[in-house]
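Chemist: A single structure is presented below for examination.
The values are calculated or read from the model by the stated rules, or taken from the named source; none is laboratory data. Remember, predicted model here, so these are calculated numbers, not experimental data. Don't worry about glycine lacking a Cβ; one is built from the backbone with ideal geometry, like all the others, and counts go over all protein chains shown.
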Amino acid sequence: MSTLLNLLSDSLTSIGQLGVGQTISPEQGQQGLRIIQRIIAKLSTRRVMMYTIAQRPFTLTANVRDYTLGPTGTLGVGVQTRPVFVEEVRVAGVGSQQESPLTLVDPVGWAGIRDKGATNSALGLPQLVWPEYSYPNLGLHFWPIPSAAITVTLGTWELLQNFLTLFDTINLPFGYEELLFQLMAIEWAPYFDMPVSATMSQLAGDAIQSIQGINTQGLGGAFDESQRLETNPNLAVPKPTGAPAGGQ
């Protein structure tokens, strides 16, 4: 399997900035690492780039309404990563395997609840949750407050892959390595005063559409049909130099 170093070297070679068999400099390697981290972060905010929705089960504490999820959060055992987005939340009563979906509300919906301290009976389940997108921890607020230690399962968007070193192995489904290779070539180009050619843009666009075509077939979720079947999420693939404004 390829490493990030292999991918960065290949992308530099593809734009004529590295000879075949040559090794990128330490400075280029660190620059490439920063660029790929930004690319991964951006892709991870797009629903149609998610090849799976992570399932995170937790047990709530009886009579506690508010939780935080992240590196210093209160939910879960040990250090948790902050999810990019919470797409769904399901709850099950104590000792039950039957799950019910909660309604996700925004800050306006949460503000509209008059009695935020209302509690459920011991067997009752909350009806809604407000995912508060704070940082570095994400907030989760449940209503009514459960009176028992019920189980919640979050369906979350997660970072596609967290590259920490140049020697990390690329661990992504088929198609993603090609996409990262093409996007890296596009991102490298301005550093060498190179134009982004029509071919570069086309190859990146093809790689994006191939992944979207698979992901939109395999994933349902909280969004409506038009959003789930989105084919152009505006991932900001640059137009080739010289293309007219608004051109395709």
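Chemist: How many residues are aromatic (Phe, Trp, Tyr) and within 20 Å of the chain's Cα centre (by Cα) when one looks only at segment 96-143?
Modeler: Of the residues in segment 96-143, 3 are aromatic (Phe, Trp, Tyr) and within 20 Å of the chain's Cα centre (by Cα).
Chemist: Okay, moving on. Condition first: over 25 Å from the mean Cα position of the chain (by Cα) and small (Gly, Ala, Ser). Can you find one or more residues in segment 37-57 that meet it?
Modeler: No.
Chemist: Just for segment 18-50: of the residues that are outside any helix (DSSP H, G or I) and not aliphatic (A, V, I, L, M), which one is farthest from Gly175 (Cα to Cα)? Spell out how you get there, then give the answer.
Modeler: From segment 18-50, those outside any helix (DSSP H, G or I) are 18-25, 44-46, 50; that's our starting set.
Next cut, not aliphatic (A, V, I, L, M) only: 19, 21-23, 25, 44-46.
Values: Gly19: 25, Gly21: 24, Gln22: 26, Thr23: 25, Ser25: 27, Ser44: 15, Thr45: 18, Arg46: 16 Å.
The extreme case among them is Ser25.
Chemist: Another question, then. What's the total number of residues in segment 122-151 that are in a strand (DSSP E or B) and closer than 23 Å to Val108 by Cα? Outline the logic, then answer.
Modeler: Step one: of segment 122-151, the residues in a strand (DSSP E or B) are 128-132, 138-143, 145, 151.
From what's left, closer than 23 Å to Val108 by Cα: 128-132, 138-143, 145.
Residues that pass the stated criteria total 12.
Chemist: Further, regarding this structure: Hey, can you tell me all the residues within segment 1-54 that are of a type in the set (Gly, Ala, Ser), within 21 Å of Phe167 (Cβ to Cβ) and without any contact (Cβ under 8 Å) to a residue 24 or more places away in the chain?
Modeler: Those that are of a type in the set (Gly, Ala, Ser), within 21 Å of Phe167 (Cβ to Cβ) and without any contact (Cβ under 8 Å) to a residue 24 or more places away in the chain: Ser9, Gly21, Ser25.
Chemist: Name the residue, out of Pro131, Pro136, Pro126, that is at negative phi and either in contact (Cβ under 8 Å) with a residue 60 or more places away in the chain or of a type in the set (S, T, N, Q) (or both). Walk me through it before giving the result.
Modeler: On the way: Pro131 fails: either in contact (Cβ under 8 Å) with a residue 60 or more places away in the chain or of a type in the set (S, T, N, Q) (or both); Pro126 fails: either in contact (Cβ under 8 Å) with a residue 60 or more places away in the chain or of a type in the set (S, T, N, Q) (or both).
After ruling out the rest, the residue left standing is Pro136.
Chemist: Return the residues of segment 56-75 that are buried (at least 17 other Cβ atoms within 10 Å of the Cβ) and either out of contact with any strand residue (DSSP E or B) (no Cβ under 6 Å at 6 or more places or on another chain) or part of a loop (DSSP other than H, G, I, E, B) (or both); say none if nothing qualifies.
Modeler: Leu60, Arg65, Gly70, Gly73, Leu75
Chemist: Would you check if there is a residue in segment 86-103 being assigned to a loop (DSSP other than H, G, I, E, B) and either at pLDDT 95 or above or basic (Lys, Arg) (or both)?
Modeler: Keep residues of segment 86-103 that are assigned to a loop (DSSP other than H, G, I, E, B), which gives 93-98, 102.
Those still in the list that are either at pLDDT 95 or above or basic (Lys, Arg) (or both) too: 102.
Yes, there is a match, as at least one residue in segment 86-103 is assigned to a loop (DSSP other than H, G, I, E, B) and either at pLDDT 95 or above or basic (Lys, Arg) (or both).
Chemist: Another question, if that's okay. Would you confirm, using the coordinates I've provided, whether Glu177 is surrounded by 14 or more Cβ atoms within 10 Å (Cβ to Cβ), modelled with pLDDT of 95 or more, closer than 23 Å to Val48 by Cβ and charged (D, E, K, R)? Write out each step before concluding.
Modeler: Values: surrounded by 14 or more Cβ atoms within 10 Å (Cβ to Cβ): yes; modelled with pLDDT of 95 or more: yes; closer than 23 Å to Val48 by Cβ: yes; charged (D, E, K, R): yes.
So Glu177 passes the test.
Chemist: Quick one: which residue in Thr199, Thr231, Thr216 is at pLDDT 50 or above and closer than 30 Å to Val105 by Cα? Don't jump to the end; show me each part of the working.
Modeler: Working: Thr199 fails: closer than 30 Å to Val105 by Cα; Thr231 fails: at pLDDT 50 or above.
Only one candidate qualifies: Thr216.
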